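What follows is a short report on a single structure.
The values are calculated or read from the model by the stated rules, or taken from the named source; none is laboratory data. Computed from a predicted model, the values in this text were never measured in an experiment. Note: ideal-geometry Cβ built from the backbone for every residue, glycine included; neighbour counts use all protein chains shown.
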Amino acid sequence: MVGLVIVSHSPKVAEGAVDLAQEMAHGYDQLVAAGGLDDGTIGTDAVRIKEAIERADDGDGVVVLCDVGSSIMSTETAMDLLESDITVRIADAPIIEGVIAAAVSASIGQDIAAVVADAEDAKSFSKL
């Protein structure tokens, strides 16, 4: 199955997004939070993200959802640091709605392209 990594400057946001997605995609456990810095403060860490990508991967690739700004740059650096040949895609998606859609998609066995598409489709979800 495709794995998911949630990158946020806030560890609480990343962990909360994982909690919500796990609730919606019962039994799907390839979600890894990669938020904040080692000391629990706000920020992003390419090494932490790299390790999360490695944990989330089971051979079918990993989709990463990011919050803002440097989370994308840190994720791109993490991808450069990978020593193994893991397929990684960054989804241009809202972090909460996107991770829920992606987790449901991944949990039913969709391939990486479909998981990215489902996450990115969340940009158009209406809340009203």
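Computed quantities for the displayed model
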| item | result |
| --- | --- |
| Breaking point among (1) at pLDDT below 95; (2) closer than 20 Å to V104 by Cβ, for S70 | (2) |
| Near pairs, Cβ below 7 angstrom, 6+ apart or cross-chain, from segment 67-92 (of a type in the set (V, I, T)) to any residue that is in a loop (DSSP other than H, G, I, E, B) | I86/D57; I86/G61; T87/G61; V88/G61 |
| Search result, residues across segment 57-72 that are over 14 Å from the mean Cα position of the chain (by Cα) and loosely packed, with under 15 Cβ neighbours inside 10 Å | D58, G59, G69 |
| Where a residue in segment 103-128 is under 14 Å from R89 (Cα atoms) and its partner, wherever it lies, is in a loop (DSSP other than H, G, I, E, B) and charged (D, E, K, R), with Cβ under 8 Å and at least six apart | D111/D60; I112/D60; E120/D92 |
| Within segment 3-30, tally of residues that are of a type in the set (A, V, I, L, M) and either surrounded by fewer than 24 Cβ atoms within 10 Å (Cβ to Cβ) or within 19 Å of E83 (Cα to Cα) (or both) | 7 |
| Test: T77 is out of contact with any strand residue (DSSP E or B) (no Cβ under 9 Å at 6 or more places or on another chain), among the hydroxyl-bearing types (S, T, Y) and not in a loop (DSSP other than H, G, I, E, B) | yes |
| Qualifying positions in segment 19-40 - free of Cβ contacts under 8 Å to residues at least 24 places away in the same chain, assigned to a loop (DSSP other than H, G, I, E, B) and within 14 Å of A102 (Cα to Cα) | D29 |
| Set G109, G16: member being outside any strand (DSSP E or B), at pLDDT 95 or above and on the phi > 0 side of the Ramachandran plot | G109 |
| Segment 73-88 - residue that is out of contact with any helix residue (DSSP H, G or I) (no Cβ under 7 Å at 6 or more places or on another chain) and modelled with pLDDT of 95 or more and, of those, nearest to K50 (Cα to Cα) | M79 |
| Residues of segment 80-96 that turn out to be in contact with a Lys or Arg (Cβ under 7 Å, 6 or more places away or on another chain) and buried (at least 17 other Cβ atoms within 10 Å of the Cβ), as a count | 2 |
